[in-house]
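In what follows, a single structure is set out as C-alpha cells and then discussed.
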Amino acid sequence: MIHKITTFIFRIIAGANITTILLMLLIGYSDRLNPVSHPTLSTVGLGFPIILAINLAFLVFWVVFKFRWSFIPIIGLIICYGPIHTYVPLNLKSEAPEGSIKVLSYNVWFFNAWEDKKEPNPIFTYLAQQDADIVCLQEVNKQYIGRKEIEKQLGDRYAYSDTSEWKNGDILCILSKYPILKKENIKYGAKANRSTAFHLLINGDTVIVINSHFASTKLSPEERNNFSVMMKGKMERDSARQESIRLIDKLANASVRRTPEADSVAKYIEDRSGKSIILCGDFNDSPISYTHYRIARQLQDCFVKSGRGFGFSYYHHSMRVRIDNIFASSDWTPYGCYVDSENSLSDHHPIISWLKKDPKP
C-alpha cells in the first residue's frame, strides 16, 4: 500500500516536472513573438531563470529520491539547450590572441550625477584603467564628454571621439583609438532613444561600430522600489498582485516601443551584409526577448559566444538581468566577454569583450 502511494506521489511530481519543462520550452522560445502582436507574452522571457531553477530543483530531487527518474529534467535541459545557453552560457575561459582589440560598452547613468568636478570622475578613472581600444557610452552628460574634458580626464589615450544627441533624449558617445571616418543615425522614430553607426578605420579596414540605447521600461523610482519590496516578500498579496499587473503592463508597453527600434537596426545591418560590424549598447531587454533575438539573427552575441554565467549588467532595485550587449559580425572572433560586476559606479555594470579579426580568405 505504501509503495503504491509513493509511486503515485512520484508520478504527480513527474507530471509537474514535465509541465515545468514545457513551460521552459515555451518561455525559452518566446523571443520569436513580435511584441506588437503579443505585448504581454513578450515579457515572459524575464521569468526564464526562475523556471530553469525549478527544473534544476527537480533534478536534485530525483537524484536524491529516485535517481532513475532524473532523466526527466535532464531531457528538459537538452531540449532547451538553445535558450539556456543564450541566458547563461558556460564557455571555457579563453585568452585573447595577439592582435585582438578590446571593446567596452557602458551605460554611465549620466556619470552618476558627478558634481565635484575638482576631483577625477571615478568612471573616467575606470575607463583609463581599462584602456579599451573602443568605448561606447550611453546616457552621457554632454558637458562632461567634450573634447577638452576627455583630454583632461583621459589624456591622449583617445585621439578620436564623437557624440550623437537626440532632442530631449539620450546622448551616445564613442571613444576610439582608431580614426572615425563618419557617422550616420539609424532612424526609427523614437523621441528619446537612438542608435548611431560610426565608421572607423581599423588597421586599414572600415568597421561600422553601432552604439545603441533602446527604449527603457520607464519605471518610476516608486515602482522600482515596490518591485524590490515585492521580490523580498514584504508586500501584501493583493498589493503584490496589483503591482505585478501594473509592472507587466509597463514592461509590455516598453517591448512594443523597442520593436521598431530593433527592427530598424537589424534592417540597417541586413542592408550592409558582408560589412564588418560591431554593435554595442543598452538593449533594456533580457537575453530571452524579441530585441535580442532580432539582432542575434544578424550578428553574434559576444557574451553567448565567449562569456560565462548570467552576466547581470543591470542590478538596481532587486532587478538582475543582462541588458547590455556587445555583438559582432562573423568576421570577428570574440574572446573572454564578461560583465564587470565589481564596477558599481553606475546602475549598470560595463560589459567588455576582446575581438580578433579573422584573416580574409
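Taking ASN325 as meeting all but one of (1) out of contact with any Asp or Glu (no Cβ under 8 Å at 6 or more places or on another chain); (2) within 30 Å of ILE202 (Cα to Cα), write down the number of the exception.
(1) is the only condition that ASN325 fails.
Residue check: is ASN55 among the polar types (S, T, N, Q) and open to solvent by less than 50 Å² (accessible area, probe 1.4 Å)?
yes
Restricted to region 47-63, and to residues that are small (Gly, Ala, Ser) and within 23 Å of the chain's Cα centre (by Cα), which residue is nearest to TYR29 (Cα to Cα)?
Among those that are small (Gly, Ala, Ser) and within 23 Å of the chain's Cα centre (by Cα), it is GLY47.
Among the residues of region 157-174, write down those that are over 14 Å from THR125 (Cα atoms) and either open to solvent by less than 30 Å² (accessible area, probe 1.4 Å) or in a loop (DSSP other than H, G, I, E, B) (or both).
Within region 157-174, ALA159, SER164, TRP166, LYS167, ASN168, GLY169, ASP170, ILE171, LEU172, CYS173, ILE174 qualify.
Which numbered condition trips up ARG11, out of (1) assigned to a helix (DSSP H, G or I); (2) of a type outside the set (Val, Ile, Thr); (3) open to solvent by 50 Å² or more (accessible area, probe 1.4 Å); (4) within 20 Å of GLY311 (Cβ to Cβ)?
Result: ARG11 fails condition (4) only.
For the subset of region 182-227 comprising residues that are in a loop (DSSP other than H, G, I, E, B) and at pLDDT below 85, which member is most open to solvent (accessible area, probe 1.4 Å)?
Of everything passing the filter in region 182-227, LYS191 is most open to solvent (accessible area, probe 1.4 Å).
Go through (1) assigned to a helix (DSSP H, G or I); (2) buried (at least 21 other Cβ atoms within 10 Å of the Cβ); (3) at pLDDT 95 or above for SER42 and report which single condition fails.
So the condition that SER42 fails would be (3).
Helices (runs of 4 or more DSSP H) wholly in region 58-132 with at least 1 residues that are in contact (Cβ under 8 Å) with a residue 60 or more places away in the chain - which ones?
Filter on region 58-132 gives 81-87, 109-113, 122-130.
The values are calculated or read from the model by the stated rules, or taken from the named source; none is laboratory data. The model shown is predicted, which means the values in this text are computed figures rather than measured ones. So basically every Cβ, Gly included, is an ideal-geometry build from the backbone, and we count neighbours across all protein chains shown. Areas reflect the complete protein model, heavy atoms only, side chains present, ligands, DNA and RNA absent. Shrake-Rupley method; radii C 1.70, N 1.55, O 1.52, S 1.80 Å.
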